[in-house]
Amino acid sequence: MKSLRAGLRVAIMTDETGWHTRELLRALRARGCTGRCLDLAQCRIATPHAWHGLVLPGFGQDLPDAVLVRGIAGGSFEQVTKRLGILHALRELGVPVYNDARAIERSVDKGMTSLLLHVAGVVTPPTWAMESTTAAQQLVTRESAAGRALVLKPLFGSQGQGLQRVGWVEGEHVPLPALEGVYGGLAYLQRFVAAASSPGHDFRVLVVGGVALAAMRRISLEWVHNVARGARCEPQSLAGGIGPALARLAEAAARALDMDYAGVDVIPTRDGPQVLEVNGVAAWQGLQGVTSFNIAQALVDDLLGRRCAAVARRLQA
Ligand SMILES: Nc1ncnc2c1ncn2[C@@H]1O[C@H](COP(=O)(O)OP(=O)(O)O)[C@@H](O)[C@H]1O
Ligand SMILES: [Mg+2]
């Protein structure tokens, strides 16, 4: 691969430099490519600047040969629209963007994720997203009467932030809270899947280029199993036991959202594993800690090998 792709200049879009960006820069160097970290917030549209109308700090009037999206800072609706707009523009200009802005949008919006999983026949707990507080309250009351709990999640949430159980929770009725603030006036509700044991666990499966490459169990006494919330990571084989089913399910989820790479959250249920959510800008430090191969290298090799063939041909012509 080194001879074919050497010399490519890859922009790593990130609002933070640290362990992940160091890993990616090293993996690019190992293939003879150069990486440069860029903050999408610092990228601009300036039509007089260049034929393509973009200003990407460090690239002068050039475009990168490829873009790897590692992090997008939160901001106002306008700011985030511009940041995603830059990624859309880069794709339209022929630059491979890994993950593409459309894939990032599908996975950041938990409602769209649930809908696309459902339509593709990928098993996921029943899910609702609605603006009407009255309708949401009726749903919570109905589910509660049937002895079920629902998880209320911020539509764009991550790292287990802002999750609450409503409905029938540990023997009592918990009503829907006010939806202002973190929920932005939207009720995204997913049926709660209770853990079969204590501590309980869920799974994170990393899918790269359509293939489930690594997985871990996230174990915690809390019902929210994010690493950022203190869950303990253990390696999970994709070869034996539940492994092949996890791999098939995570691959189907990544396919349903058309992701180059994805961190797929999967929960075990009595009826088999189900997908909770799909992360399009997934961190992998926790997973790397229990995985023997270099994850950043797998991402870089997939980007260079599968997505950059046309770019490499153009540069060599
Ligand atoms: N429907 C559910 N049933 C049981 N646990 C859930 C459910 N939804 C989320 N959780 C728990 O909360 C964690 C975070 O939820 P998730 O949907 O992945 O949002 P985030 O984007 O914040 O990671 C999951 O990893 C899981 O442990
Ligand atoms: Mg998650």
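Things worth noting here:
- Residue among Leu189, Leu206, Leu213, Leu238 that alone is of a type outside the set (D, E, K, R) and under 29 Å from Gln137 (Cα atoms): Leu189
- Residue that is nearest to the chain's Cα centre (by Cα), among those in the stretch 257-289 that are surrounded by fewer than 22 Cβ atoms within 10 Å (Cβ to Cβ) and away from ligand 1 (no atom under 16 Å from the Cβ): Asp258
- Within the stretch 153-186, the set of residues being within 16 Å of ligand 2 (Cβ to nearest atom) and part of a loop (DSSP other than H, G, I, E, B) comprises Pro154, Leu155, Phe156, Gly157, Ser158, Gln159, Gly160, Gln161, Gly162, Leu163.
- Residue in the stretch 211-227 that is modelled with pLDDT under 95, closer than 15 Å to Glu277 by Cβ and either more than 13 Å from ligand 2 (Cβ to nearest atom) or assigned to a helix (DSSP H, G or I) (or both) present: yes
- Evaluated against (1) part of a loop (DSSP other than H, G, I, E, B); (2) buried (at least 18 other Cβ atoms within 10 Å of the Cβ); (3) not small (Gly, Ala, Ser), Asp202 falls short on exactly one condition, (1).
- Candidates are the residues of the stretch 157-191 that are charged (D, E, K, R) and in contact (Cβ under 8 Å) with a residue 40 or more places away in the chain; the one that is most open to solvent (accessible area, probe 1.4 Å) is Arg191.
- Residue selection: Leu139 fails the criterion of being modelled with pLDDT of 95 or more, touching a strand residue (DSSP E or B) at 6+ places or on another chain (Cβ under 7 Å), surrounded by 18 or more Cβ atoms within 10 Å (Cβ to Cβ) and in a loop (DSSP other than H, G, I, E, B).
The values are calculated or read from the model by the stated rules, or taken from the named source; none is laboratory data. From a predicted model like this one, the values you see are computed outputs, not experimental measurements. No Cβ is skipped: glycine too gets one built from the backbone with ideal geometry, and neighbour counts run over all protein chains shown. Areas reflect the complete protein model, heavy atoms only, side chains present, ligands, DNA and RNA absent. Shrake-Rupley method; radii C 1.70, N 1.55, O 1.52, S 1.80 Å.
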